[in-house]
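Down below is the structure, laid out as C-alpha cells.
Please treat every number below as a calculation from the coordinates, not as lab data. All values reported here derive from a predicted model rather than from experimental measurement. Please note: Cβ atoms are built from the backbone with ideal geometry, for glycine as well, and neighbour counts cover all protein chains shown.
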C-alpha cells in the first residue's frame, strides 16, 4: 500500500480448521491488518490461527439452521447470505475466497445479492482441483467459480497447470506462492526437548507433520526411516493425527525400530519441533504446495520430498534438500544417510533452506503481490 492508496476493506473466507489453506488465509489477514487494511473473516467458526485480539480484524460467524425440508443444512446459502450482509454493512471493497467451491461460488452469489459491488479474488489450494475437480458433478461449478471471479491465483505453477489441463477455464490463473511468518518459524535451541523426548546426543531426528491421510503416504516415511535406522542412530518424530495413525502404529509394532518412532499426536507449538529436526520428510502422492516444507526450511531444516505437484517448486534438488519418485524409499534413505554423514554439505543445505524462505517465499513480497491484486479488482480503485 502506497501513501496515495486508500486502506481497503477485505472479506476473507476459508476453511477455519487445521489445514494449509486456513493457515495461509489467516496469516494473510493478520499481516494485511498490520499494513493498515480492515479485515473481515466470514467463516463457520473462528479460524484456529486467529487467537487473541487483533486490531482491524473482525470475525463474522456463519450460522446454519436445520430445517426439516432440507436433508442437509444449507451451509452454502447461509454463507452467501452472510457474505452479502457483510459486504453491505461493512462496505467491503474486496472478497478473497480460498477454494473455488463452495467459497468462490458463494461470493459470486453474494455479490449479486448485495447492494454494493466488490472485487473477487479466488485462491486455489489444491483439493478443489486435484480431488473435487475430477468429479463430473462438480466440474461445472468449479469452472464457474473460477471464470466469474475477477482474479484467480494458485499456490504453485503445478496447480495452475493442472487446473488449466483439467478444466480449461476461460480465465488466466496466476501463481502466488504460499508464505510463512518467520517471526514464528526460525532456528532455535531446543536441547531441552531432546532430553524430554529421550533423544540421545548422537541420534539424528527425522520429522514428519501432517493430518495422516492416505495421500501423505506416511507408511513410506516409516519404511524410509527403517532403512536409515539400520545405518545410523536416529529417531523418527511423527506429529499430527488422522485416519492413518493406527495403521502406522501397527506397521511399527514388533519391529527392531519400534522404540525409535515417537508419535506425538497433534501439537500446538510445532515451530519448536521443526527446530528439533535434522531433516523433514514429505513423501505424498499429491501435494499442491507443501506448506510444512516452508515451515521446516525457515527453521533451517533441509527436506526430502517426492517429485509430485508443487513439491519440486519448494525443494531444490541437491541444494536445500532432495526429491525422489513416489515410493522410492530406499533411494530416499540413501540420500538421507549421505547428507547426514557429510557435515559440510549438510550445513550448506541448511543455509540454502533459510535462503529459499527469505528469497523465494518472502512473506512481505507475497503479501504485496496479493495487495496489488486487491487494488486491481476493488471497484473504486480500477
Cα extents of segment 264-382 per principal axis, largest first, Å, are 58, 31, 26
Take the alpha-carbon centre of segment 168-217, take the same for segment 1-66, and report the distance between them in whole Å. 23 Å
Kindly rank 212-218, 365-371 from highest to lowest mean number of other beta carbons found within 10 Å of each residue. 212-218, 365-371
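What number does segment 191-359 give for Rg over Rh if you use C-alpha atoms and the Kirkwood radius? Intermediate values should be presented prior to the final figure.
Details: Rg = 14.4 Å, Rh = 15.7 Å.
So for segment 191-359, dividing Rg by the Kirkwood Rh gives 0.92.
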Of all DSSP beta bridges in segment 146-266, antiparallel share, percent nearest 5: 0 percent
Residues 374, 67 in order from fewest to most other beta-carbon atoms within 10 Å are 67, 374
Along its three principal axes, how long is the chain when you only count alpha carbons? Whole Å, largest extent first please. 67, 52, 39
Please determine, in degrees from 0 to 90 and to the nearest 10, the orientation of helix 75-90 with respect to the longest principal axis defined by the Cα atoms of the chain, where the helix direction is its Cα long axis. 60 degrees
Roughly how far apart, in whole Å, are the Cα centres of segment 307-346 and segment 355-382? 30 Å
So for 7, 235, 344, fewest C-beta neighbours within 10 Å to most, what's the order? 344, 7, 235
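Mind pulling the per residue volume of the convex hull built on the Cα atoms of segment 16-58? Å³ is fine.
Looking at segment 16-58, the number lands at 58 Å³ per residue.
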Calculate I(q)/I(0) for segment 210-306 by the Debye formula, one identical point scatterer on each C-alpha and no solvent, and give its log10 at q = 0.12, 0.19 Å⁻¹ to two decimals. -0.36, -0.96
What order, most packed first, do the peptides 243-253, 95-105 have when packing is the mean number of other Cβ atoms within 10 Å of each residue? 95-105, 243-253
Volume of the Cα convex hull of segment 151-247, divided per residue and given in Å³: 169 Å³
What whole-number distance in Å separates the alpha-carbon centres of segment 235-253 and segment 85-155? 36 Å
